[in-house]
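Chemist: Dumping the structure here so I can ask a few things about it.
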Amino acid sequence: MSTQSQRTPGAPLLEVRNLVVEYGSGEHAYRAVDDVSFSIPAGGSLAVVGESGSGKSTIAKALVRLLKPTSGSVVLDGTDLATLGERQLRPLRHRIQMVFQDPYGSLDPHLSARDIVAEPMRARGERSGSARRKRAGELIDQVGLPASALDRKPHEFSGGQRQRIGIARALASDPEVLVLDEATSALDVSVQAQVLEILAELRRETGLTYLVISHNLGVVRAISEQVLVLRRGQVVEQGDTEELLTRPREEYTRQLRRSALDPALMSGRKPRDVVRAIAAARAAENQAAAQAVAS
Ligand SMILES: Nc1ncnc2c1ncn2[C@@H]1O[C@H](COP(=O)(O)OP(=O)(O)O)[C@@H](O)[C@H]1O
Ligand SMILES: [Mg+2]
C-alpha cells in the first residue's frame, strides 16, 4: 500500500472504458458486459448493483483478469491491464484483489488461517517465513480476529470469521483495489453489518479503493459513495449513492429499490446508521419470527 501515499487524493486510480465481455465466440457469442465505463478515485468506493444475471460478476472477473475482456480498457494507475499478456500481467496482479462471496468454498480447508494469509506473500517472493508469519498476525488483527485464530483451520470458523480471513488474505498481496463480489451476501444480517464496519474502517485507515458488487442497496449505501446500476450488461445510470437512491432517474432503479429494501434501510444518512439499520431490521425479523413460533 506504499504506492498510495504518493498519489494525489481524488485522482482516478481505476478507469474502466467501454468494457465489453462476451462468453463464447462467433454467432454463439453472448455479450454479458456491454460498453461499461466508470472510474474510481484513489481511496474511493464504487458499487455495482443490478439483478442476478446483469453482469456484475463478469465485470469483477474482467477487472482481476480471471477473464480477458473482449474489448475496452481497464486502466489501473496509467496501465491498461485489459490488453496485457499473462507474463506482463503477473507482476501487476497483486494490485487488484478479489474477495469472493462464498466464505466456505474459497479457503483451503487443509491450511491454518496463518498459512492461508501468508500464502500470497510467499507467492510474491517474500522468502522469510518469520516475516510472513509476522505480517499474517498483523493482518488477522486488522480484520478484527484474535491472535488465537491463526492456528485454526477454516472449518473451525463461522461464516463472518471466514470472510474476515478472506479479506486478510486479499490484503496480504498488498493491493490498491479490492473487488468485493457479494462479499457479505452469504452472511446473517448482523454479521454482515460487522464485516461492513471492518471494510469501512479498513478503507479509512489504509486508503484502499473498493469496487463493491451487491444486489443489496442497504449494503451499497453503507459502503459506497458512488453507485452504478447495471441491467443486462449495460449501465442504466450512475452517480452519487445518496442522490441516486433517493431520487432515481430511471424506472429500473426505482424497481430495484422497491424490490430490495425495507424503507428503514433507506433513511440512514451515514454508513454507520445504515449498518445499524440493517442489524435492527434483522433483530425485528427475529423477534417477529420468535413471536410467531410462541403464539
Ligand atoms: N462462463 C459463462 N459462460 C456463459 N455465460 C455466462 C458465464 N458466466 C456468466 N454467464 C452469463 O452472463 C450473464 C451475466 O452473468 P454474471 O456476470 O454472473 O451476472 P451477476 O453477477 O450480475 O449475477 C448471465 O446471463 C450469465 O448466465
Ligand atoms: Mg454474481
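Chemist: Looking at the stretch 172-206, which of the residues that are in a loop (DSSP other than H, G, I, E, B) and open to solvent by less than 30 Å² (accessible area, probe 1.4 Å) is nearest to ligand 1 (Cβ to nearest atom)?
Modeler: Taking the stretch 172-206 first, the residues in a loop (DSSP other than H, G, I, E, B) are 172-176, 182-188.
Now restrict to residues that are open to solvent by less than 30 Å² (accessible area, probe 1.4 Å): 172-173, 175-176, 182-184, 187.
Numbers: 172: 25, 173: 23, 175: 21, 176: 23, 182: 8, 183: 13, 184: 15, 187: 18 Å.
The residue in question is 182.
Chemist: Could you please give the count of residues in the stretch 70-86 that are in contact with a helix residue (DSSP H, G or I) (Cβ under 8 Å, 6 or more places away or on another chain) and open to solvent by less than 40 Å² (accessible area, probe 1.4 Å)?
Modeler: We begin by selecting, within the stretch 70-86, every residue in contact with a helix residue (DSSP H, G or I) (Cβ under 8 Å, 6 or more places away or on another chain); these are 74, 76-77, 79, 81-82, 84.
Right, trim to open to solvent by less than 40 Å² (accessible area, probe 1.4 Å) and you get 74, 76, 81-82, 84.
Final tally of qualifying residues: 5.
Chemist: Same structure, new question: Residues in the stretch 137-157: is at least one among the small types (Gly, Ala, Ser), within 19 Å of residue 110 (Cβ to Cβ) and in contact (Cβ under 8 Å) with a residue 12 or more places away in the chain?
Modeler: Going residue by residue through the stretch 137-157, those that are among the small types (Gly, Ala, Ser) are 137, 144, 147-149.
Cutting the leftovers down to within 19 Å of residue 110 (Cβ to Cβ) gives us 149.
With the extra rule that they be in contact (Cβ under 8 Å) with a residue 12 or more places away in the chain, the set shrinks to 149.
Scanning the stretch 137-157 turns up at least one residue that is among the small types (Gly, Ala, Ser), within 19 Å of residue 110 (Cβ to Cβ) and in contact (Cβ under 8 Å) with a residue 12 or more places away in the chain.
Chemist: Exactly one condition in (1) closer than 24 Å to residue 187 by Cα; (2) modelled with pLDDT of 95 or more is not met by residue 130; state its number.
Modeler: Result: residue 130 passes all but (1).
Chemist: How about the stretch 73-124: which of its residues are closer than 20 Å to residue 179 by Cα and basic (Lys, Arg)?
Modeler: 90, 93, 95, 124
Chemist: For the stretch 149-165, enumerate the residues that are buried (at least 21 other Cβ atoms within 10 Å of the Cβ) and not in a helix (DSSP H, G or I).
Modeler: none
Chemist: Let me ask you something else. Working carefully through the options 64, 21, 99, 49, find the one that is over 16 Å from the mean Cα position of the chain (by Cα) and within 15 Å of ligand 1 (Cβ to nearest atom).
Modeler: Going through 64, 21, 99, 49 in turn, just one is over 16 Å from the mean Cα position of the chain (by Cα) and within 15 Å of ligand 1 (Cβ to nearest atom): 21.
Chemist: Give the stretch 112-148 a look and list any residue that's closer than 23 Å to residue 96 by Cβ, touching a helix residue (DSSP H, G or I) at 6+ places or on another chain (Cβ under 9 Å) and part of a loop (DSSP other than H, G, I, E, B), or say none.
Modeler: 124, 126, 143
Chemist: Given the options 89, 67, 63, name the one that is in contact with a Lys or Arg (Cβ under 8 Å, 6 or more places away or on another chain) and open to solvent by less than 10 Å² (accessible area, probe 1.4 Å).
Modeler: On the way: 67 fails: open to solvent by less than 10 Å² (accessible area, probe 1.4 Å); 63 fails: in contact with a Lys or Arg (Cβ under 8 Å, 6 or more places away or on another chain).
Answer to the check: 89.
Chemist: Go through the stretch 61-103 and report how many residues are acidic (Asp, Glu) and assigned to a loop (DSSP other than H, G, I, E, B). Walk me through it before giving the result.
Modeler: Filtering the stretch 61-103 for residues acidic (Asp, Glu) gives 77, 80, 86, 102.
Next cut, assigned to a loop (DSSP other than H, G, I, E, B) only: 77, 102.
Residues meeting the conditions: 2.
Chemist: I've got another one for you. Is there any pair with a first residue in the stretch 13-28 that is farther than 16 Å from residue 58 by Cα and a second that is open to solvent by less than 70 Å² (accessible area, probe 1.4 Å) and basic (Lys, Arg) whose Cβ atoms are under 8 Å apart and which are 6 or more apart or on different chains, and what are they?
Modeler: Pairs found: 13/7.
Chemist: Same structure, new question: Open to solvent by 30 Å² or more (accessible area, probe 1.4 Å), in contact (Cβ under 8 Å) with a residue 12 or more places away in the chain and closer than 19 Å to residue 174 by Cβ: which single residue out of 97, 101 fits that description? Before the answer, list the steps.
Modeler: Numbers: 101 fails: closer than 19 Å to residue 174 by Cβ.
On inspection, the qualifying residue turns out to be 97.
Chemist: Also: Tell me the residue from 169, 221 that is part of a helix (DSSP H, G or I), at pLDDT 95 or above and farther than 12 Å from residue 56 by Cβ, please. Steps first, please.
Modeler: Numbers: 221 fails: at pLDDT 95 or above.
Just one listed residue meets the conditions, 169.
Chemist: Across the stretch 98-128, what is the number of residues that are away from ligand 2 (no atom under 16 Å from the Cβ) and closer than 24 Å to residue 156 by Cβ? Steps first, please.
Modeler: Narrowing the stretch 98-128 to residues away from ligand 2 (no atom under 16 Å from the Cβ): 104, 107-128.
Subset that is closer than 24 Å to residue 156 by Cβ: 104, 107-122.
Matching residues across the stretch 98-128 total 17.
Chemist: Scan the stretch 171-216 residue by residue and report those that are farther than 22 Å from residue 241 by Cα, among the small types (Gly, Ala, Ser) and under 14 Å from the mean Cα position of the chain (by Cα).
Modeler: 186
Chemist: Okay, next question. Could you please let me know if residue 215 is within 16 Å of ligand 1 (Cβ to nearest atom) and not basic (Lys, Arg)? Spell out how you get there, then give the answer.
Modeler: Values: within 16 Å of ligand 1 (Cβ to nearest atom): yes; not basic (Lys, Arg): yes.
Taking the combined requirement at face value, the residue satisfies it.
Chemist: Sticking with this one: Looking at 267, 259 in this structure, which one is over 30 Å from residue 138 (Cα atoms), within 16 Å of ligand 1 (Cβ to nearest atom) and modelled with pLDDT under 90?
Modeler: Working: 267 fails: within 16 Å of ligand 1 (Cβ to nearest atom).
Unique residue meeting the criteria: 259.
Chemist: State all residues of the stretch 218-228 that are away from ligand 2 (no atom under 16 Å from the Cβ), farther than 19 Å from residue 11 by Cβ and either within 13 Å of the chain's Cα centre (by Cα) or in contact (Cβ under 8 Å) with a residue 60 or more places away in the chain (or both); if no residue qualifies, say none. Don't jump to the end; show me each part of the working.
Modeler: The first filter runs over the stretch 218-228 and keeps only residues away from ligand 2 (no atom under 16 Å from the Cβ), leaving 218, 221-227.
After this cut, where a residue has to be farther than 19 Å from residue 11 by Cβ as well, the list is 218, 221-223, 227.
Passing the criteria: 218, 222, 223, 227.
Chemist: Okay, moving on. Identify all residues within the stretch 19-50 that are touching a Leu at 6+ places or on another chain (Cβ under 8 Å), closer than 19 Å to residue 231 by Cβ and surrounded by 16 or more Cβ atoms within 10 Å (Cβ to Cβ); write none if there are none.
Modeler: Selection gives 21, 33, 36, 38, 46, 47, 48, 49, 50.
The values are calculated or read from the model by the stated rules, or taken from the named source; none is laboratory data. None of these values were measured; they are calculated from a predicted model. Because the Cβ atoms are built from the backbone with ideal geometry, glycine has one as well, and the counts that use them run over all protein chains shown. To get the accessible areas, we keep the full protein, side chains included, count just its heavy atoms, and leave off ligands, DNA and RNA. Shrake-Rupley method; radii C 1.70, N 1.55, O 1.52, S 1.80 Å.
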